[in-house]
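Comments concern the structure below.
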There are 2 protein chains.
Amino acid sequence: METLKAIGVGVIHVRVSASAPGKITLFGEHAVVYGKPAIVMAINRRIRVELSRRNDGRLVIDLPDISVKGVRLTVNLAGGSSMEALDSGSAASYALQALKLASEKFGGDLGLDVKIESSMPVGAGLGTSAALSVATLAAYAALQGFEPTREALAKMGREVEVAVQGSSSGMDAAAVAYGGAILYRHVKGDAQIERLSFGERIILAVGYTERVLPTSESVKLVSKIFSKHNSTVIRVLDAIGELVLEARRALETDDIKGVGELMNINHGLLYALGVSTPRVEQIVQVARGAGALGSKLTGGGMGGSVVCICPDNNTLESVVSAIRIAGYTAFGVTEDRYGVMLEGKS
Amino acid sequence: METLKAIGVGVIHVRVSASAPGKITLFGEHAVVYGKPAIVMAINRRIRVELSRRNDGRLVIDLPDISVKGVRLTVNLAGGSSMEALDSGSAASYALQALKLASEKFGGDLGLDVKIESSMPVGAGLGTSAALSVATLAAYAALQGFEPTREALAKMGREVEVAVQGSSSGMDAAAVAYGGAILYRHVKGDAQIERLSFGERIILAVGYTERVLPTSESVKLVSKIFSKHNSTVIRVLDAIGELVLEARRALETDDIKGVGELMNINHGLLYALGVSTPRVEQIVQVARGAGALGSKLTGGGMGGSVVCICPDNNTLESVVSAIRIAGYTAFGVTEDRYGVMLEGKS
C-alpha cells in the first residue's frame with residue numbers, strides 16, 4: 001500500500017492542512033451495503049481541513065463556506081456538553097468524530113482550531129462526509145508526526161462514518177483516500193479494493209438538488225424495504241451486483257453507450273428500492289433529453305446528485321445547461337488521481 | 001373448463017354480437033414474456049363486436065368510436081390486396097386476423113359487416129387487442145353455431161396476437177376470455193392459469209397518456225436490452241417473478257399497503273427495463289402525491305396506462321382528479337367477473 005507523502009515521523013507540527021477529493025458512485029450504491037461490488041471514482045472537487053494548535057483547551061470548528069446547522073461550533077473539552085447539540089448528519093460531527101478517533105490513535109489533545117472548506121455541495125451524495133473524515137484524520141496524524149497509509153486512512157474513515165451514521169460500507173472513505181477509480185467490495189468486515197483505469201476517458205456531468213434525507217436515512221429506508229420484501233429485494237440487489245460487473249467490462253472496453261445503458265438500468269433499480277424523488281427524476285430525464293447517454297442518481301439518493309455520462313464535451317455543455325435551466329445546480333466533473341493529500345505544515 | 005353460454009350447436013345465425021373486457025396487468029408485464037408469472041385482472045370496460053352476414057362477398061369493418069388509421073376498411077375478398085395497407089398495430093388488423101383464424105376453424109365465408117365499439121382507450125395497455133380478438137372469435141364461432149370453451153378462445157386469441165405482433169405471452173387473451181383476476185404463466189408453450197379472488201376488494205384508478213410505441217415494439221425494446229445486458233436483465237426478470245409471488249400473498253391477505261409498495265418496486269423494475277417515459281413518470285408521481293399507496297405503468301409501457309391502488313374511495317377520487325389536472329385521462333376501474341360474453345344473436 002502507498003503511504004501519504006512522507007513527513008518527518010515524530011516531528012510535531014503546530015499547523016497542518018490536508019485535503020481529500022469528493023467521489024461519485026458510478027454503479028452499485030446501496031447494494032454495496034449488502035456485500036455487492038460497486039464502482040466509485042474520486043472527482044476534482046475537494047474538502048480542505050486545516051488544523052492549528054490552541055493553548056486554551058478549546059476546540060473551535062470553522063466552516064466558512066459550508067451551510068449546515070451550527071456553522072461555527074465551540075466545544076469546551078472540559079464540559080463537552082454542547083456536542084449533543086450537533087446534527088448527526090452535519091459536517092461538524094464527522095470532523096469531531098475524526099478528531100476523537102485520531103487523538104485516540106495518535107495521541108495529543110483536541111485544543112485545536114479546525115477550518116473546513118469545500119469546493120462541492122456538502123451532503124449531496126458526493127462523499128463529502130468521507131472526504132472530511134479522511135482529510136481530518138490525515139491532518140491530525142501529520143500534526144502528531146504520523147504518516148498513516150491510504151489503507152489505514154480508508155479504514156479509519158469508515159470507522160468515523162460508522163460512529164456518526166451507525167453503519168457504512170467504507171466505499172466512500174476508500175475512494176477519497178486512494179483517489180482514481182476503484183471497484184470496491186466489503187465482505188465480512190474485509191474491504192476489497194481494485195484500481196480501475198478508465199477514469200480519464202469518460203465525460204461526466206453532475207446535477208444536484210437538495211436532499212430530503214441524509215445517506216444514513218436512505219440506507220435505513222432500503223433496509224426497511226429489504227426486511228419487508230426480502231425475497232424480491234435480494235434479487236434486485238443481485239441484479240445490481242451483476243450490473244456492476246457488466247459495467248466494469250463496458251468501462252474498460254470504452255463501450256460508453258453500454259455504460260450509459262447500464263447507468264439507466266441501475267437508476268431504475270435504485271428507483272425500485274425507493275430512493276429516487278420527483279426532482280431527481282426531473283434531472284435524470286432532462287439530462288437524457290439533452291443528449292446524455294445515461295443518467296442515474298449517485299450516492300444515497302432521496303435528492304442529492306445525479307451523474308450523467310456524455311459522448312463528448314459539447315453534449316456535456318448541453319446537459320449542464322439543460323439541468324441549470326430546469327433550476328438545479330450542475331457542473332462537469334473529472335477524475336481525481338491523487339486522493340487524500342497533505343497540503344502544508346508548519 | 002367452462003364453455004361460453006350455450007347456443008344451439010349447429011344453428012347458423014345471421015347476426016351475433018359478443019363482447020370481452022379489457023384488463024390491467026397488476027404485476028409482472030414484460031417478465032411474463034420470459035416465462036415469469038404475472039397477475040392480471042379483467043376490468044369493467046368492454047369491446048363489443050357485432051357480426052352480420054353480407055351476400056356480396058365483401059368484408060366491411062366499422063370502428064365508429066375507435067381512432068386508428070383506416071377507420072372504415074373495406075376488403076374485397078376476391079382481390080384482397082388492400083389488406084396490406086393496414087397498420088400492423090391497428091384495431092382492424094386484430095379483427096381481420098381473428099376472422100381469418102375463425103373461418104379456418106369454424107368454416108363459413110368472410111362476407112360480413114363487422115362493427116367494433118369500445119368503452120376504453122384502444123392501444124393503452126388495457127388489453128384492447130386481446131379483447132377485440134377474443135370477442136371477434138366468439139362472435140364468429142357463434143355465427144357458425146359453435147361454442148368454444150374459454151380455454152379455446154384464450155388460446156386462439158393468443159394465436160391472433162402472435163400473427164399480428166410476432167409474439168405474445170397469451171396473458172391478455174386469457175384474462176379477457178376468463179374474466180376476474182388470474183395468475184398467468186406461459187412456460188414451454190403451455191399456459192398455466194390460476195384464478196385469484198381479491199378483485200372485488202381493491203380500489204384502483206387508471207391514468208392514461210398516448211403511447212409512444214405499441215406493445216409489440218415495447219416487447220422488442222426489452223428483448224434488445226435482454227440480449228445486450230443479458231446477465232443483468234435476467235436478474236431483473238427474476239426479481240419481477242419473485243415480486244409477483246410476493247404480491248399474490250399480499251393481495252390474498254388484503255395487505256394493501258404491501259401491494260402498493262410492491263407496485264412501486266415493480267414500476268422501478270419496468271423503468272430499469274427502459275419502458276417508462278417522462279409522461280408515465282409524471283402520472284406515477286402525481287398519483288403517489290395524491291395518496292395512492294402504489295402506482296406503476298401497466299401493459300407494454302412507452303406511454304399507455306398507469307394503475308394506482310388507493311386505500312379508499314375518497315383517495316380514488318383525489319387520485320383521478322390529480323391525474324386529470326395534470327392533463328391526462330383518468331378513471332376508476334373495478335373487476336369484471338364475466339370475461340367474454342355473447343350479447344345477442346338472430
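The values are calculated or read from the model by the stated rules, or taken from the named source; none is laboratory data. Since the model is a prediction, treat every value here as computed from it, not as a measurement. Virtual Cβ from ideal backbone geometry, glycine too; neighbours counted across all protein chains shown. We work out accessible area using only protein heavy atoms, side chains counted, and drop any ligands, DNA or RNA first. Shrake-Rupley method; radii C 1.70, N 1.55, O 1.52, S 1.80 Å.
Report yes if B:Ala292 is of a type in the set (A, V, I, L, M) and either in contact with a strand residue (DSSP E or B) (Cβ under 7 Å, 6 or more places away or on another chain) or open to solvent by 40 Å² or more (accessible area, probe 1.4 Å) (or both), otherwise no.
yes
Within the stretch A:277-288, track down each residue that is closer than 19 Å to B:Leu297 by Cβ, more than 8 Å from chain B (Cβ to nearest Cβ) and open to solvent by 10 Å² or more (accessible area, probe 1.4 Å).
Scanning the stretch A:277-288 gives A:Thr277, A:Gln282, A:Arg288.
Does A:Leu251 qualify as being farther than 16 Å from A:Ala31 by Cα, open to solvent by 10 Å² or more (accessible area, probe 1.4 Å) and in a helix (DSSP H, G or I)?
no
Which of the numbered conditions does A:Arg235 fail, given that it passes all the others? Conditions: (1) more than 9 Å from every other protein chain (Cβ to nearest Cβ); (2) open to solvent by 50 Å² or more (accessible area, probe 1.4 Å).
(1)
Here is a check on your reading of the model: is B:Leu293 at pLDDT 95 or above and within 12 Å of chain A (Cβ to nearest Cβ)?
Values: at pLDDT 95 or above: yes; within 12 Å of chain A (Cβ to nearest Cβ): no.
So B:Leu293 fails the test.
Applying the selection to the stretch A:47-100, what residues are open to solvent by 20 Å² or more (accessible area, probe 1.4 Å), under 24 Å from the mean Cα position of the chain (by Cα) and modelled with pLDDT of 90 or more?
Scanning the stretch A:47-100 gives A:Arg48, A:Glu50, A:Gln97, A:Lys100.
Limited to the stretch A:239-252, what total is found for residues that are touching a residue at least 12 places away in the same chain (Cβ under 8 Å) and at the interface with chain B (Cβ under 10 Å from one of its Cβ atoms)?
Going through the stretch A:239-252 one residue at a time, the tally reaches 9.
Give the number of residues within the stretch A:270-290 that are assigned to a helix (DSSP H, G or I), out of contact with any Ser or Thr (no Cβ under 7 Å at 6 or more places or on another chain) and touching a residue at least 40 places away in the same chain (Cβ under 8 Å).
2
Filter the stretch A:254-264 down to residues that are out of contact with any helix residue (DSSP H, G or I) (no Cβ under 7 Å at 6 or more places or on another chain) and either open to solvent by less than 10 Å² (accessible area, probe 1.4 Å) or in the same structural domain as A:Asp172 (by TED's automatic domain parsing) (or both) and give me whichever is nearest to A:Ala130 (Cα to Cα).
By that ranking, first place goes to A:Met263.
If only one of A:His267, A:His229 is open to solvent by less than 50 Å² (accessible area, probe 1.4 Å), at the interface with another protein chain (Cβ under 8 Å from one of its Cβ atoms), of a type outside the set (A, V, I, L, M, F, W, C) and over 21 Å from the mean Cα position of the chain (by Cα), which one is it?
Every option except A:His229 fails the conditions.
Of the residues A:Val16, A:Val32, which is modelled with pLDDT of 85 or more, open to solvent by less than 10 Å² (accessible area, probe 1.4 Å) and within 30 Å of A:Val275 (Cα to Cα)?
Answer to the check: A:Val32.
Just checking, which of B:His229, B:His267 is closer than 19 Å to A:Asn266 by Cα, touching a strand residue (DSSP E or B) at 6+ places or on another chain (Cβ under 6 Å) and not assigned by TED's automatic domain parsing to the domain that holds B:Glu29?
Numbers: B:His229 fails: touching a strand residue (DSSP E or B) at 6+ places or on another chain (Cβ under 6 Å).
Within the list B:His229, B:His267, the selection yields B:His267.
How many residues, within the stretch B:109-118, are closer than 18 Å to B:Val11 by Cα and open to solvent by 50 Å² or more (accessible area, probe 1.4 Å)?
1
Give just the number: which of (1) more than 8 Å from chain B (Cβ to nearest Cβ); (2) among the hydrophobic types (A, V, I, L, M, F, W, C); (3) under 22 Å from the mean Cα position of the chain (by Cα); (4) not in a loop (DSSP other than H, G, I, E, B) does A:Leu262 not satisfy?
Checking A:Leu262 against (1) more than 8 Å from chain B (Cβ to nearest Cβ); (2) among the hydrophobic types (A, V, I, L, M, F, W, C); (3) under 22 Å from the mean Cα position of the chain (by Cα); (4) not in a loop (DSSP other than H, G, I, E, B), the one that fails is (1).
Looking for whichever is more than 14 Å from chain B (Cβ to nearest Cβ), touching a Gly at 6+ places or on another chain (Cβ under 8 Å) and either open to solvent by 10 Å² or more (accessible area, probe 1.4 Å) or among the basic types (Lys, Arg) (or both) here; the options are A:Val219, A:Val212. Which one fits? Spell out the reasoning first.
On the way: A:Val212 fails: more than 14 Å from chain B (Cβ to nearest Cβ).
Result: A:Val219 is the single residue among A:Val219, A:Val212 that is more than 14 Å from chain B (Cβ to nearest Cβ), touching a Gly at 6+ places or on another chain (Cβ under 8 Å) and either open to solvent by 10 Å² or more (accessible area, probe 1.4 Å) or among the basic types (Lys, Arg) (or both).
Applying the selection to the stretch B:119-129, what residues are open to solvent by less than 40 Å² (accessible area, probe 1.4 Å) and either within 18 Å of B:Thr334 (Cα to Cα) or of a type in the set (Phe, Trp, Tyr) (or both)?
B:Met120, B:Pro121, B:Ala124, B:Gly125, B:Leu126, B:Gly127, B:Thr128
Restricting attention to the stretch B:300-323, report how many residues are in contact with a helix residue (DSSP H, G or I) (Cβ under 8 Å, 6 or more places away or on another chain) and either open to solvent by 10 Å² or more (accessible area, probe 1.4 Å) or within 11 Å of chain A (Cβ to nearest Cβ) (or both).
Counting residues in the stretch B:300-323 that are in contact with a helix residue (DSSP H, G or I) (Cβ under 8 Å, 6 or more places away or on another chain) and either open to solvent by 10 Å² or more (accessible area, probe 1.4 Å) or within 11 Å of chain A (Cβ to nearest Cβ) (or both) gives 3.
Looking at the stretch B:324-346 only, could you name the residues that are assigned to a loop (DSSP other than H, G, I, E, B), open to solvent by 20 Å² or more (accessible area, probe 1.4 Å) and touching a residue at least 12 places away in the same chain (Cβ under 8 Å)?
Those that are assigned to a loop (DSSP other than H, G, I, E, B), open to solvent by 20 Å² or more (accessible area, probe 1.4 Å) and touching a residue at least 12 places away in the same chain (Cβ under 8 Å): B:Ala326, B:Tyr328, B:Thr334, B:Arg337, B:Tyr338, B:Ser346.
Any residue at all in the stretch A:179-193 that's touching a Pro at 6+ places or on another chain (Cβ under 7 Å), within 14 Å of chain B (Cβ to nearest Cβ) and touching a residue at least 12 places away in the same chain (Cβ under 8 Å)?
No, the stretch A:179-193 has no match at all.
Only residues that are under 23 Å from B:Ala31 (Cβ atoms) and crowded, with 24+ Cβ neighbours inside 10 Å: list them for the stretch B:135-169, please. Show your work before the answer.
Taking the stretch B:135-169 and keeping what is under 23 Å from B:Ala31 (Cβ atoms), we get B:154-155, B:157-162, B:164-169.
Once the filter is applied, which keeps residues that are under 23 Å from B:Ala31 (Cβ atoms) and crowded, with 24+ Cβ neighbours inside 10 Å, the stretch B:135-169 yields B:Ala154, B:Gly157, B:Arg158, B:Val160, B:Glu161, B:Ser168, B:Ser169.
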